[in-house]
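A quick write-up on the structure given underneath.
The values are calculated or read from the model by the stated rules, or taken from the named source; none is laboratory data. Since this is a predicted model, take the numbers as computed values, not measurements. Virtual Cβ from ideal backbone geometry, glycine too; neighbours counted across all protein chains shown.
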Amino acid sequence: MNEKNYIIALRDFTEESNPYGTSRGKQTYARLLDHIDKLKDVSIIGISFSRLEGADISFLRESLIYTIKRYSKKITFFAFNFQDEDIFANLDGAAMSGEEHLTCWVGNQCEFVGPKPTAASKVLLDMVITHRSTTTAKAAEELNISVQNASTRLKRLAEEGFLLRVEEAADTGGKEFIYQVIGESA
């Protein structure tokens, strides 16, 4: 697993500790794009919410959620260091509005903002969160489902942005996909 991780403090791209509104969000979006475009070979970016006293839904949608959407095929994002539950709730509203999933670490707890997984996928997702990573075979065995069913559902969860899918060499000499929770707690 050779992902190159990078951490960005959202506060470094805003002019205030309690940013709000669409226009401020668009200004921060431009700053974020300028910064991210200069990064080389990064595959995972953690967004720290440290030093932010607050942020409203429109600011978070325009600045962060639209940044995540822009890079969704190239870079995986996660968020952490939430200063209070209101910021987290506003981020969820922004992600729902922007129709984007984002893995968030609230303390040591992995949570998601944005559209929710299906009930069937939620059971599988909870299993991966518990172990932090899994293979198709391990998921199938633990949940007593077919390998094909586990493979299809894990792949869908990765495509939807809930999990990271990493290819590794299998013990048998072929390739194997590891599905893991995105990011880590701070």
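Is it the case that some residue within segment 3-10 is within 19 Å of the chain's Cα centre (by Cα), in the same structural domain as Thr103 (by TED's automatic domain parsing) and in a loop (DSSP other than H, G, I, E, B)? So far as segment 3-10 goes, yes, one or more of its residues are within 19 Å of the chain's Cα centre (by Cα), in the same structural domain as Thr103 (by TED's automatic domain parsing) and in a loop (DSSP other than H, G, I, E, B). The residue that is surrounded by the fewest Cβ atoms within 10 Å (Cβ to Cβ), among those in segment 169-186 that are touching a Ser or Thr at 6+ places or on another chain (Cβ under 9 Å) and within 22 Å of Lys73 (Cα to Cα), is Glu176. Of Leu102, Leu32, all but one fail to be in contact with a helix residue (DSSP H, G or I) (Cβ under 7 Å, 6 or more places away or on another chain), over 20 Å from Ile129 (Cα atoms) and among the aliphatic types (A, V, I, L, M); the exception is Leu32. Taking residues in segment 12-24 that are in a helix (DSSP H, G or I), and partners anywhere that are not aromatic (Phe, Trp, Tyr), the pairs with Cβ atoms closer than 6 Å and at least 6 places apart or on different chains are Phe13/Thr28; Phe13/Arg31; Phe13/Leu32; Thr22/Ser58; Thr22/Glu62. Looking only at residues of segment 116-153 that are within 22 Å of Thr76 (Cα to Cα) and β-branched (Val, Ile, Thr), we find that the one that is surrounded by the fewest Cβ atoms within 10 Å (Cβ to Cβ) is Thr130.
Can you tell me which residue is surrounded by the most Cβ atoms within 10 Å (Cβ to Cβ) among those in segment 86-112 that are of a type in the set (Val, Ile, Thr) and closer than 18 Å to Leu52 by Cα? Across segment 86-112, the extreme among qualifying residues is Ile87. Looking across Glu160, Glu141, one residue alone is outside the structural domain of Leu33 (by TED's automatic domain parsing) and in contact with a His (Cβ under 7 Å, 6 or more places away or on another chain). It is Glu160. Number of residues in segment 31-66 that are part of a helix (DSSP H, G or I) and touching a strand residue (DSSP E or B) at 6+ places or on another chain (Cβ under 8 Å) equals 5. None of Ser133, Ser151, Ser146 is more than 29 Å from Ser63 (Cβ to Cβ) and touching a residue at least 40 places away in the same chain (Cβ under 8 Å) except Ser133. Checking the structure you have, find out if any residue of segment 121-144 is of a type in the set (Lys, Arg), in a loop (DSSP other than H, G, I, E, B) and modelled with pLDDT of 90 or more. Among the residues of segment 121-144, at least one is of a type in the set (Lys, Arg), in a loop (DSSP other than H, G, I, E, B) and modelled with pLDDT of 90 or more, which makes the answer yes. Candidates in segment 154-167 are the residues that are out of contact with any Lys or Arg (no Cβ under 7 Å at 6 or more places or on another chain) and among the acidic types (Asp, Glu); of these, the one that is surrounded by the most Cβ atoms within 10 Å (Cβ to Cβ) is Glu160. Scanning segment 154-170 for residues that are over 20 Å from Ile68 (Cα atoms) and hydrophobic (A, V, I, L, M, F, W, C), we see that the one that is nearest to the chain's Cα centre (by Cα) is Leu154.
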